[in-house]
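Down below is the structure, laid out as structure tokens.
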Amino acid sequence: MSRPTEKLRLLTERVLDDDIVFDILTRLPVKSLIQFRCVSKSWYSTITNPIFIATHFKLNEAKSLSNKNSHNGYLLYTPVTEGYSFHEELRTLVYNRDRTVTEISRFITPFPICDAFMNCFCNGIFCLDRCNENNGDHMIYLWNPSIRKFKMVAPALLTDPFDSATLGLAYHSQKNDFKILRLVSFPGSLGEPDPLTEAEVYTLSTDSWRKVVSAELSDPNAGRLYHHSPYIFFNGALHCIAAHKHCSFILSFDINDERFHKIMLPLDFLDVYQSYLTVFKGSLAYIIISNRLATGIIMCHIWVMKEYGVAESWTRKCVPINWFHHFHGCTDNGELLIMIFMGLISIGPENLLQNSLITESNIRWAGCAANSIESLVLLDGVNLSSEYKD
């Protein structure tokens, strides 16, 4: 133990009571807390206690929200490494108000991203889907890069032999817990009615799955439910684009009461090339990329739901773009994040100004977030999670 750390331990044991030590520790950064586990047995017990982890998370979440006005959000990406490498990086950049970017962290991934699909992330926790090379089964992992720990979650209840499952990760603020929603649609036999989609929910605190029954998923007249878009966590619910034989719509899942709801999409789909859900300036938005026009211009149609859940409140804005490969969301100030052949750029929908953010042309995965939270989540599950070194 270093001399400064030893002095700190002696000072706190002689002068401060446990409540004061607890309060001081909750305000320290994750990196320091990981090191301070070695100070004493009592500190180790405190820092790995679920109550302490929850308190520390809440304080960091509040701090992250209070800093939102100082930047335009965060960009996350993993560059492709040459050849096959077990050591891939997750890089995080803060998008500053002056439209520059500053790298704030680099974390080594627990698996090669080419072997483990980065399915979704929420409040600093990532959900990865990895295929078992031996039997082809899919294993779901939760990963907290800030403490270099990952956890293989309990096996799902619903089998998925045709890789039709979609996953969504959400933070349940009322219970200070994380949940994974998993939807599975099974292929039907020729001449038989379309199969029904089934749902199950995983809860981190219990490390268990349970099936969710919903009338929105079991309507025999609707036919098979297709759920084909990444989930967006917004307003306490997970959202994805879904469709059956009658229409397309947004399927939402409330994390609190675990009920599904349908939100109707705008009727004018135009010439759809690709479509996405995102959050645009604090509102749910539906992005439509149309096929390239004769003029060579691609149109991006931004449908914004001004009043959440009210289909009549959809409003549209059209933005012309010259190049397009993939849409990666919106910054806090409403700029569109678009991958082109030269890297990731942002486009202002009002002034159409383009800004080069990431100049690497070979990016395996990219995402954006309004906040960046480093936490101790997964630290208390010593027997359930694994630690790795950079």
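Listing for the model above:
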item: Extension gain, THR315 back to LEU196 (0.36 nm per residue minus Cα-Cα distance, nm); result: 39.6 nm
item: Solvent accessible area, Å² - TRP323, 1.4 Å probe, full protein context; result: 140
item: Inter-probe distance in nm under a simple model that places probes 7 Å from Cα toward Cβ, at VAL272 and ASN235; result: 2.0
item: Amide H contacts of GLY124 (H built 1.01 Å from N, under 5 Å, at least 5 apart or other chain); result: ILE373
item: Members of LYS262/LYS306; LYS175/LYS211; LYS31/LYS151; LYS58/LYS262; LYS262/LYS317; LYS58/LYS151 lying beyond 26 Å, as alpha-carbon distances in this model show; result: LYS58/LYS262
item: Distance in nm between pseudo-label sites at ARG27 and ARG97 (7 Å out along the Cβ direction from Cα); result: 2.5
item: For peptides 202-208, 285-291, sequence by mean Cβ density within 10 Å, most packed first; result: 285-291, 202-208
item: Approximate spin-label separation ASN333-CYS247, in nm, with each point projected 7 Å along Cα-to-Cβ; result: 3.8
item: Calculated FRET value between ASP18 and SER70, using beta carbons and R₀ = 41 Å, to 0.05; result: 0.75
item: Virtual paramagnetic centre 7 Å along Cα→Cβ of ARG106, amide N under 18 Å, in the stretch 61-77; result: 75-77
item: Gain upon complete extension [ARG259, GLU350; 0.36 nm per residue less C-alpha separation]; result: 29.1 nm
item: Theoretical FRET efficiency, 1/(1+(r/R0)^6), r = Cβ-Cβ of LYS306 and CYS131, R0 30 Å, to 0.05; result: 0.15
item: Under 5 Å, built H, 5+ apart or other chain: amide partners of HIS172; result: ASP177, PHE178, LYS179
item: Nearest-0.05 FRET efficiency for SER45 and TRP323, computed from C-beta distance (R0 51 Å); result: 0.40
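The values are calculated or read from the model by the stated rules, or taken from the named source; none is laboratory data. Here the structure is a predicted model, which is why all the values come from computation and not from measurement. Reconstructed Cβ throughout: ideal geometry from the backbone, glycine too, with neighbour counts over all protein chains shown. Surface accessibility is based on the protein's heavy atoms, side chains included, excluding ligands, DNA and RNA. Shrake-Rupley method; radii C 1.70, N 1.55, O 1.52, S 1.80 Å.
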